[in-house]
Amino acid sequence: MNTLKNQNRKPDVFALFLPEIKELISKRNFTELKDILRKINSMDIAAGWFHLNPQERLLVFKILGQKKAVEVFEDLRFEDQLYLLTNLNSDEISNVLNEMAPDERSKLFKDLPDKKMRKFLNLLKAEEANNVKRLLTYKENTAGSLMTTDVVEIKKEMTARKALLTLQENLTMGYTKDVYSAYVTDDNHMLIGAINLQTLLKAPQDMLIKDVLSSADEVKIPIDSDKREIANHFSKYDLLDAPVVDKQGRLLGVITIDDVVDLIERQATRDIYEVGKMSSGGGEIINYKTASVTELIRRRAGWLIALLIFDFLTGTVLKSFEATLSAVVALTFFIPMLLDTGGNAGAQTSITIIRGLATGDVTFKNAWKVAKLELVTALLMAVIVGGVALGRAFLLQKEFFISLVVGITMCLITLVAISTGIALPLLSKKMGLDPAVLAGPITTSVVDVVGLIIYFKIAQLFVPALRL
């Protein structure tokens, strides 16, 4: 359940030890090397992994103790994990895979090619292999795919002392790592209730669990809940962990706060990249310490080319109204102002709607109410910015009809932009697409094309020189 693969949140601690590590590797002084590595936090080793060449990585990994090796492995990028799995012997691979947290192991297997997945499944203990197969059946980014099955069940007839001893024994055996709550089940694994770990520690040793447990009805998460529901659930109830249950109410696993933080960060990264029209890469952050030119082009080029092709329409519209522009050159002065303001208005609305969809504030049940609120706002905004645009045009050109065209166009473009900012996110959500994909630049591109057509059509109606 380690989080945030190699995101380098802290200073690069590993780099401070790097000269000494490389010197000891060159001298093959593995005893001192092992002592140094023991002092460095596992996450810092994983964050600084890119400093080592492939041969050094393999050597350092083999020198790490088994527990630390697994911790480092869980925090490495998939490409680095795959390199190690390809170059370790079968016994070493088996030790790593069998000791991984179930949720981290299932994430790894989900990305493996089929041939390698079958090979590594054969290196797992039967129980762990069956667990991986079961976790892989759950849809990605649902509770089933995020949970860990390392959960300790206690019984309501236990005393507080017996429950604590049960938890301690499992922690000592490495069965589970993060414990914030104890979950009470019956003999059929049906979830009965939960007890906060602090409450359990404070309870008299001879007190029965059934006398101190709380209901888990509010905090339990259905196995098929999606990532947004899970994040909202943790936020609403201020949870550190939550039990995952099937439709019958059987306890299947636990999701902990570190999984949710990782999930939220990946989703936020994905949304930011998609708003900027880059490939989201599954929410993986572009790390400039390890990024390559090829990766940056791959993540950016697709959307940029798609938007460029769409914007060809802008040139087509301008070409078709070439005669209008030639007759009244002053019209060109106001095109940037009109289109930029329209794009800004559309982006403001779409971002607000997207956030509302993400937090649950906007749903299809209240979509019409939200749309009416935004449309009334749009009408008032159109009048305000239209009046400002008309005044600016008159001060610049001293031509009443041109000023009138600019003012009316600004009103209509603002209405179109805000309507587009409402419609595109809701439509994409209805189609099962990510609303963030249609935010920002796409809204702006639509407004650019439609805005130009509106501008020139209105000009042909009001400007006397264009009515001949």
Checklist line | Selection count where residues are farther than 23 Å from Thr256 by Cα and part of a loop (DSSP other than H, G, I, E, B), scope the range 198-220 | finding: 5
Check: Does at least one position in the range 191-210 carry a residue that is in contact (Cβ under 8 Å) with a residue 40 or more places away in the chain and within 30 Å of Ala358 (Cβ to Cβ)?
Finding: yes
Item checked: All positions within the range 229-269 that are part of a helix (DSSP H, G or I) and of a type in the set (Ser, Thr, Tyr) -> Ser235, Tyr237, Thr269
Note to self: I'd like the full set of residues that are free of Cβ contacts under 8 Å to residues at least 12 places away in the same chain and either touching a Leu at 6+ places or on another chain (Cβ under 7 Å) or β-branched (Val, Ile, Thr) (or both), limited to the range 404-430.
What the structure shows: Ser428
Checklist line | Matching residues, the range 130-165, being farther than 21 Å from Ile223 by Cα, of a type outside the set (Gly, Ala, Ser) and touching an Asp or Glu at 6+ places or on another chain (Cβ under 9 Å) | finding: Lys155, Lys156, Thr159, Arg161
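With the structure loaded, tell me whether Phe401 is aromatic (Phe, Trp, Tyr) and free of Cβ contacts under 8 Å to residues at least 24 places away in the same chain or whether it fails that test. Even if it seems obvious, please write down each step before you answer.
Working: aromatic (Phe, Trp, Tyr): yes; free of Cβ contacts under 8 Å to residues at least 24 places away in the same chain: no.
No; evaluated as a whole, the condition is false for this residue.
Only one residue in Lys139, Lys156, Lys162, Lys110 is of a type in the set (Lys, Arg), within 23 Å of Asp241 (Cβ to Cβ) and touching a Lys or Arg at 6+ places or on another chain (Cβ under 7 Å). Which one?
None of the other options fit; the residue is Lys156.
Residue-by-condition table, conditions (1) in the same structural domain as Leu240 (by TED's automatic domain parsing); (2) within 17 Å of Gly249 (Cα to Cα):
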| position | (1), (2) |
| --- | --- |
| Lys133 | no, no |
| Leu164 | yes, no |
| Asn170 | yes, no |
| Val179 | yes, no |
| Asp187 | yes, yes |
| Leu191 | yes, yes |
| Gln198 | yes, no |
| Leu201 | yes, no |
| Asp206 | yes, no |
Margin query: Which of the numbered conditions does Ala126 fail, given that it passes all the others? Conditions: (1) surrounded by 14 or more Cβ atoms within 10 Å (Cβ to Cβ); (2) over 18 Å from Thr256 (Cα atoms).
Written below: (1)
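Would you say Leu239 is modelled with pLDDT of 85 or more and not acidic (Asp, Glu)? Walk me through how you get there before you give the answer.
Values: modelled with pLDDT of 85 or more: yes; not acidic (Asp, Glu): yes.
Yes.
Got a number for residues in the range 120-153 being of a type outside the set (Ser, Thr, Tyr) and within 18 Å of the chain's Cα centre (by Cα)?
Going residue by residue through the range 120-153, those that are of a type outside the set (Ser, Thr, Tyr) are 120-136, 139-141, 143-144, 146-147, 150-153.
After this cut, where a residue has to be within 18 Å of the chain's Cα centre (by Cα) as well, the list is 139-141, 143-144, 146-147.
Summing the residues that are of a type outside the set (Ser, Thr, Tyr) and within 18 Å of the chain's Cα centre (by Cα) in the range 120-153 gives 7.
In the range 84-197, which helices (runs of 4 or more DSSP H) lie fully inside it and hold 1 or more residues that are touching a helix residue (DSSP H, G or I) at 6+ places or on another chain (Cβ under 8 Å) and closer than 26 Å to Ala46 by Cα? Spell out the reasoning first.
Numbers: elements: 90-99, 102-111, 114-121, 126-136, 143-146, 160-172.
In the range 84-197, the matching helices (runs of 4 or more DSSP H) lie at 90-99, 102-111, 114-121, 126-136, 143-146.
When you look at Lys62, is it under 24 Å from Met117 (Cα atoms) and either in a loop (DSSP other than H, G, I, E, B) or touching a Ser or Thr at 6+ places or on another chain (Cβ under 6 Å) (or both), yes or no? Break it down into steps so the answer makes sense when it comes.
Numbers: under 24 Å from Met117 (Cα atoms): yes; either in a loop (DSSP other than H, G, I, E, B) or touching a Ser or Thr at 6+ places or on another chain (Cβ under 6 Å) (or both): no.
So Lys62 fails the test.
The values are calculated or read from the model by the stated rules, or taken from the named source; none is laboratory data. Computed from a predicted structure; not experimentally measured. Methodologically, a virtual Cβ is constructed for each residue, glycine included, from the backbone with ideal geometry; neighbour enumeration extends over all protein chains shown.
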